[in-house]
């Protein structure tokens, strides 16, 4: 047998094994980091009662973080805190502190910010996870609904971030992480105000990132497709056949809360500035919107016409 052929036959399996070993080691190290990187750090999670919020709370609580959980329902926050306590070792974890927070009530924000800062006197990580969604034609949305969407998706997160910034600047450390929608990058029909609010908050944190870098403060944004919650959601997504629906679904299961949390942990560990959690098509659409806008607009318009025609049938 040719020696070169023999060498190749022996070398290929070795390369495969070494590559697999490298990725295994990488995942193992990331797993260790996820358990240790937040130990003793003060972590604030808004909308801790959502799927992503609960998943993050569980991971960070087990990792030894000093959690401040925010949500609209005190009873559900207490239930979440009890579940976390029952599922962890009290000798290596801290009991979460609870704060009522409703971005729809902007007048309460000064008191909420003061309460958050009073919990530990400072904070290391702020995860802005809250979001309000509405799907409807632009002309059918009232001005009151527009304002409510902007309060929940833009003014609320921005006000909270600005409220805790002086504390981070004085300590010259901190991490602001915005869990945003892919519609902060890509707008689709029938989500006018929702997409506008996501674009606005994306722009704010993109600007803020450069402003606070000199103080050692990191700013990250995570843009994801829809968060899958149940089998019924997945079934509904799978049955959707409109053209633009493919731009924000994920073949067809969406992003699960644990997938989103994994990306959040990696982003905090690596201090990545921007992450897009989406399949290939939405990512291509983002570039198409920038480089081939006329093609993108034509596809969006065709999707609206297709949906209208299917409704008439």
Take 214, 107, 263 and order them by how many other Cβ atoms sit within 10 Å, fewest up front.
107, 214, 263
What FRET efficiency, computed as 1/(1 + (r/R0)^6) with R0 = 30 Å and r the Cβ-Cβ distance, is obtained for residue 169 and residue 143, rounded to the nearest 0.05?
0.25
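Based on the Cβ-Cβ distance of residue 273 and residue 40, what FRET efficiency does E = 1/(1 + (r/R0)^6) give at R0 = 30 Å, to the nearest 0.05? Walk me through the numbers on the way to the answer.
Details: r = 25 Å, r/R0 = 0.83.
About 0.75, to the nearest 0.05.
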What list do you get for 70, 207 if you sort them by fewest beta carbons within 10 Å?
207, 70
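Counting other C-beta atoms within 10 Å, which of 103, 205 has the fewest, and how do the rest follow?
Values: 103 28, 205 22.
In order of increasing Cβ crowding within 10 Å: 205, 103.
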Between residue 301 and residue 134, what's the calculated FRET efficiency when r is the beta-carbon distance and R0 is 25 Å? Round to 0.05.
0.75
For the stretch 37-280, shape from the Cα gyration tensor axes a ≥ b ≥ c, cut at a/c of 1.5 then a/b versus b/c, turns out prolate
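Rule-based calculations on the coordinates, nothing more; no lab input. Given the structure is predicted, the values throughout are model-derived calculations rather than measurements. Glycine also receives a Cβ, built like all others from the backbone with ideal geometry; neighbour counts cover every protein chain displayed.
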